[in-house]
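Input: a single structure, listed below in structure tokens.
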Amino acid sequence: MSTTFDRKIDATLSDPRLQNAIYKATGRLMSHRKIAVDSDVLPEFEELRTQANAVKRHTIENLDWYLEQFERNVLAHGGHVHWARTGTDVADVILGLAKSRNASLIVKSKSMTTEEIDLNERLEHHGLESVETDLGEYIIQLKHERPYHIVAPALHLTRYDVANVFEKKLGVENETEIENQTMIARRVLRDKFLRADIGISGANFLIADSGAVALVENEGNARLTTSAPKVHIAVAGIEKLIPRAQDLATFLKLLGRSGTGQPLTVYTSFLSGPRREDEVDGPEEFHVILLDSGRTKLLADPDKRQSLYCIRCGACLNHCPVYRKIGGHSFPWVYSGPIGAIITPQFHGVESEPGLPFASSLCGACAEVCPVKIDIPKILLELRADVKASEKRHAVNEAERAVFRTFAYVASRPKLWQRATKLAARLGPRGQGYLKKVPGFMNVGPVRAWLSQRDLPAPAEKSFREMWKERGR
Amino acid sequence: MPQRVSIFVTCIVDQLFPNAGMAMATVLERLGFSIDFPEAQTCCGQPAFNSGYRDEARTVASHTLKVLEGADYVVVPSGSCTSMMSHHYEELFAPGDARHHAAERLSPKIYEFSRFLTEVAQVEDVGARLETVATYHDSCHALRELKIKEAPRRLLANVKGLDLREMDAAEECCGFGGTFSVKFPGVSGGMARTKIDSILRTGASTVISIDSSCLMQLQGAISRAGLPIRTMHLAEVLASR
Ligand code: SF4
């Protein structure tokens with residue numbers, strides 16, 4: 001098991017302030033969702049989930065067809081489509097566009113896809129200034145951190161933390177009122193919007209039959225990002241497609257409610273093509289960069305490709321008791337929580353963090369709330385099997401494998417099982433209720449781990465089997 | 001002629017919590033069922049399955065399928081083990097495999113204890129009495145894989161003397177999760193403590209569940225914290241008089 005993963009987990013667990021911040025913020029999102037999806041408010045909620053799952057399944061299974069349709073329609077509206085295999089390809093396209101248009105300042109709206117490929121760092125490396133304009137994203141950009149949560153990037157920070165960040169990075173007074181903090185950020189960002197040459201957004205949905213990009217947000221910054229600068233570039237993973245504009249209604253009803261409990265987010269933008277002759281605002285150029293970066297690899301697995309249905313609502317994170325303890329930064333990639341736990345190994349290989357699929361009690365709260373019904377526990381179980389298959393190939397973790405092989409051998413031989421369990425029970429202190437400690441020779445590995453947190457039940461005086469026998473029939 | 005039911009007591013009840021198994025048998029017998037305890041039973045294989053050891057899980061599942069082959073009903077004092085046998089055995093074997101068909105045949109005969117009482121035996125009042133203030137913990141696999149939510153509550157509502165109080169986090173995981181509890185002890189222990197906070201808010205002195213593994217986790221953490229709360233399997237409550 002990777003020590004970095006364990007270390008980050010321990011650091012988060014032992015920080016009471018952080019524990020409190022995560023627990024409160026996710027708890028709030030959970031209760032908001034609960035109200036928003038209540039059957040009194042939205043009787044068709046379960047139907048919508050089933051429908052969304054079916055639409056996503058259909059789209060993912062016919063992705064090549066819809067991608068072509070999308071491209072045709074973007075072109076028909078005067079936009080451009082770029083295909084990117086990797087994050088480097090995305091950066092190259094943007095750098096090329098920036099160079100030919102003499103651009104130096106970029107404003108960005110929130111996008112996990114660009115976080116995934118470290119776009120800001122890549123652009124800054126080439127001398128471009130790229131500024132996040134979503135408040136949470138802006139704060140963590142100032143802190144040089146990764147988003148803590150796919151919907152609420154600064155979920156782990158209190159307003160006092162934010163006050164310190166602004167004081168240090170912007171040279172302003174230590175301002176702890178959230179409204180005033182927003183005003184401070186607005187002032188800085190307004191100036192950036194006015195001067196920006198390029199606006200980069202992500203895409204919540206790519207709509208094949210209209211060649212459009214749909215964006216949802218609460219702050220209005222995505223609107224400005226996509227309309228104020230002369231050039232708008234949307235960066236999106238190929239799985240963001242949905243077939244028809246009318247499907248959007250289904251997904252929009254689910255997305256805001258599941259993520260933040262909002263019936264609809266404050267702003268929803270439907271962007272297709274650059275500004276037309278008769279329009280007053282909008283960019284002069286409209287580009288969509290379609291990113292693969294491992295997604296086609298996921299398509300190959302018929303069981304696990306449902307991972308691509310995700311609409312990044314964040315509900316699985318909020319409801320995950322493990323995320324609520326270990327937070328976002330313990331996870332090895334920008335995608336955290338249950339969705340991160342299933343896509344990270346698929347994008348980067350199970351060997352990249354073999355402990356990840358095991359960091360779950362398999363409680364299933366994630367699948368219960370997922371608006372597109374991704375069977376996350378099932379995928380975790382499959383990934384666990386993939387980890388063990390890989391360990392076997394590489395002859396790693398031999399001791400554990402021996403334990404489970406022995407377990408299977410014994411558990412399929414009833415006589416041997418009975419003798420072995422009897423012997424095991426004799427070894428320990430029987431019939432003594434819950435133990436605070438065990439004899440030294442037993443205080444190893446899993447027992448020690450158990451006892452680090454809880455008392456351990458001693459084996460019963462008599463097993464059920466023995467009691468049943470004595471009772472006679 | 002009373003119906004015959006086979007019981008699969010699970011390895012954890014057999015070794016650690018035999019009273020829960022005995023209590024289940026008692027309740028079933030009082031209702032007129034004759035009990036068959038297939039001696040060759042061992043474990044459902046979930047530890048191997050959940051740890052990614054599919055071949056090993058298949059070995060154990062094959063054995064259990066054979067052991068339970070002739071049963072009319074199999075009643076299990078655990079939602080988690082029930083779900084393993086009724087949901088996951090089929091997944092373990094390819095559709096052409098004879099064991100896949102055996103798993104398909106077995107699946108509808110396997111019942112978690114509270115569901116068996118309410119759906120097959122069709123009772124909600126088993127005539128139990130227990131003076132206590134109690135709260136019910138939904139175990140995750142029972143709740144989310146088997147959709148068991150009301151049955152145990154209805155049974156408990158009919159226990160004389162029992163004051164049942166819902167906790168705010170009834171549906172939240174206790175943090176056990178099998179090997180998760182020892183692979184990520186700090187996270188698992190933290191989850192248990194969060195759950196216990198919710199239990200404490202009800203003022204209950206008894207926590208009831210249909211899974212002994214959750215109770216082991218909770219009682220372990222309760223005992224470590226030195227709290228005056230006891231855990232009981234639903235069967236033990238229903239056998240009380
Ligand atoms: S996996 Fe489901 S619940 Fe989690 S972020 Fe994606 S859509 Fe939302």
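Quick notes on this one:
- Partner shielding of A:461-469 amounts to 6, given as the average count of beta-carbon atoms from other chains within 10 Å of each residue beta-carbon.
- Centroid-to-centroid separation of the stretch A:187-215 and the stretch B:74-142 [C-alpha atoms, Å]: 51
- Scanning chain B for DSSP H helices at least 15 Å long along the axis (C-alpha atoms) with a Kyte-Doolittle mean no lower than -1.0 picks out B:18-30, B:54-67, B:185-202, B:212-225.
- Enclosed volume per residue, in Å³, of the convex hull spanned by Cα atoms of the stretch A:391-473: 125
- Along principal axes, Cα extents of the stretch B:125-239, largest first, whole Å: 42, 32, 23
- Taking the DSSP beta bridges with both ends in the protein assembly as shown, the antiparallel portion is around 20 percent.
- Among the cysteines of chain A, those whose beta-carbon sits 4.7 Å or more from every other cysteine beta-carbon are A:Cys310, A:Cys313, A:Cys320, A:Cys370.
- Directionally averaged shadow of chain B, computed from the convex hull of its alpha-carbon atoms, nm²: 12.4
- Among A:Ser227, B:Ser212, the sequence by solvent-accessible area, most first, with a 1.4 Å probe is A:Ser227, B:Ser212.
- Shielding value for A:401-407 is 5, the average number of Cβ atoms from other chains within 10 Å of each residue's Cβ.
- Per-residue shielding of A:420-429, expressed as the average number of other chain Cβ atoms within 10 Å of the residue Cβ, stands at 1.
- Structure-based [θ]222 nm, chain A - -39500 (n - 2.57) summed over DSSP H runs of at least 4, per residue, nearest 500: -15500 deg cm²/dmol
- Accessible surface of A:Thr4, taken over heavy atoms with a 1.4 Å probe and every protein chain present, rounds to 60 Å².
- At least 20 Å² accessible surface lost relative to isolated chain, residues of the stretch A:319-336 (1.4 Å probe): A:Pro321, A:Val322, A:Lys325
- The protein assembly as shown - percent of accessible surface contributed by carbon and sulfur, probe 1.4 Å: 52
- Sequence-separation-based contact order of the stretch A:304-347, relative, with Cα cut under 8 Å and 6+ spacing, percent: 34
- Chain A, relative contact order [Cα under 8 Å, separation at least 6], %: 19
- Contact order normalised by residue count of the stretch B:74-148, Cα under 8 Å, 6+ apart, percent: 40
- Accessible area per residue for the stretch B:125-239 is 31 Å², calculated with a 1.4 Å probe on protein heavy atoms, without ligands, DNA or RNA.
- Rounded to 5, the percent of DSSP beta bridges in the stretch A:37-306 classed as antiparallel: 25
- Global form of the stretch A:37-306, assessed from the alpha-carbon gyration tensor, a/c cut-off 1.5: oblate
- The share of Cα pairs per 10 Å bin across the stretch B:4-119, counted from zero up to the longest distance, runs 15, 49, 30, 7, 0 percent.
- Taking the C-alpha atoms only, the angle from helix A:159-170 to the longest principal axis of chain A is near 50 degrees.
- Gap separating the Cα centres of the stretch A:228-301 and the stretch A:351-402, nearest whole Å: 31
- Taking all protein chains as they are arranged and a probe of 1.4 Å, the heavy atoms of A:Glu179 leave approximately 150 Å² accessible to solvent.
- Of every Cα-Cα pair in the stretch A:125-266, the percent that sits beyond 22 Å: 46
- The Rg/Rh ratio of the stretch A:38-123, with Rg taken over Cα atoms and Rh as the Kirkwood radius over Cα pairs, comes to 1.12.
- Loss of accessible area when A meets B, both sides summed, Å² nearest 100, probe 1.4 Å: 5700
- In the context of the full set of protein chains, the stretch A:341-445 has a per residue accessible area of 46 Å² (1.4 Å probe).
- Per residue accessible area of the stretch A:37-306, 1.4 Å probe, in Å²: 44
- The residues of the stretch B:54-70 listed by number as losing at least 10 Å² of accessible area in the complex, against the isolated chain and with a 1.4 Å probe, are B:Arg54, B:Asp55, B:Glu56, B:Thr59, B:Val60, B:His63.
- Accessible area of A:Glu71 in the full protein assembly, 1.4 Å probe (Å², nearest 10): 50
- Convex hull of the stretch B:46-189 built on C-alpha atoms - directionally averaged projected area, nm²: 9.9
- Scalar couplings 3J(HN,Hα) for the stretch A:319-333, obtained by applying the Karplus form with A = 6.51, B = -1.76, C = 1.60 to θ = phi - 60°, are 8, 8, x, 6, 4, 5, 9, 9, x, x, 7, 6, 6, x, 10 Hz; x denotes Gly and Pro.
- Pairs spanning more than 28 Å between alpha-carbon atoms, out of A:Lys253/B:Lys147; A:Lys325/A:Lys388; A:Lys253/A:Lys388; A:Lys392/A:Lys436; A:Lys392/B:Lys149; A:Lys56/A:Lys297: A:Lys253/A:Lys388; A:Lys392/A:Lys436; A:Lys392/B:Lys149.
- Using alpha carbons only: equivalent-ellipsoid semi-axes of chain A, gyration tensor based, whole Å: 47, 26, 21
The values are calculated or read from the model by the stated rules, or taken from the named source; none is laboratory data. As the structure is a computational prediction, the values presented were derived from the model and not from experiment. Counting neighbours? That spans all protein chains shown, and the Cβs are built from the backbone with ideal geometry, glycine included. With ligands, DNA and RNA removed, areas are computed over all heavy atoms of the protein, side chains included. Shrake-Rupley method; radii C 1.70, N 1.55, O 1.52, S 1.80 Å.
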